[in-house]
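Comments concern the structure below.
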Amino acid sequence: MKKILELLGLANRAGKVRSGEEFSIKAVKAGDARLAFMDEGASALAKRTFEKAIEGSGVPLIYVPEGALGIAIGKPGRMAAVVTDEGFAKKMISIHGDKIPGRH
């Protein structure tokens with residue numbers, strides 16, 4: 001997980017991440033999201049809303065340990081984020097492999 005979070009931080013610095021539940025859902029609906037992240041510390045409602053938004057989109061979802069998402073992207077408190085770059089997403093998926101919960 002550490003390597004994926006490091007790559008997520010790098011993708012964020014490269015401008016290839018949208019964070020926050022609202023912006024992440026917009027990116028999914030626009031077809032821009034390639035990989036989604038949800039912090040385990042998010043509320044049950046936020047998790048359900050985010051999962052429902054990506055359902056059927058083909059965007060894999062990775063849950064990260066509580067607090068790790070915000071730290072990785074330099075925005076503590078963020079509970080949802082998406083990677084918009086295919087290259088970063090493929091690398092993260094290859095590192096995590098078939099262990100991705102919610103993988104479509």
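Throughout, read-outs are computed from the coordinates displayed, never taken from laboratory work. Everything quoted here is computed from the prediction, not taken from an experiment. Here the Cβ positions follow ideal geometry from the backbone for every residue, glycine too, while neighbour counts run over all protein chains shown.
Details
- Selected residue [touching a residue at least 40 places away in the same chain (Cβ under 8 Å), surrounded by 12 or more Cβ atoms within 10 Å (Cβ to Cβ) and assigned to a helix (DSSP H, G or I)] from 36, 89: 89
- Selection of segment 53-66 for residues being touching a Gly at 6+ places or on another chain (Cβ under 6 Å) and either surrounded by fewer than 21 Cβ atoms within 10 Å (Cβ to Cβ) or among the polar types (S, T, N, Q) (or both) yields only 66.
- Only one entry in 27, 42, 80 is in contact with a Phe, Trp or Tyr (Cβ under 6 Å, 6 or more places away or on another chain), surrounded by 15 or more Cβ atoms within 10 Å (Cβ to Cβ), over 15 Å from residue 1 (Cβ atoms) and not polar (S, T, N, Q), namely 80.
- Every residue from segment 1-55 that is among the polar types (S, T, N, Q) and over 13 Å from residue 81 (Cα atoms): 43, 49
- Qualifying residue in segment 1-18 (condition: in contact with a Ser or Thr (Cβ under 8 Å, 6 or more places away or on another chain), exposed (fewer than 15 other Cβ atoms within 10 Å of the Cβ) and not in a strand (DSSP E or B)): no
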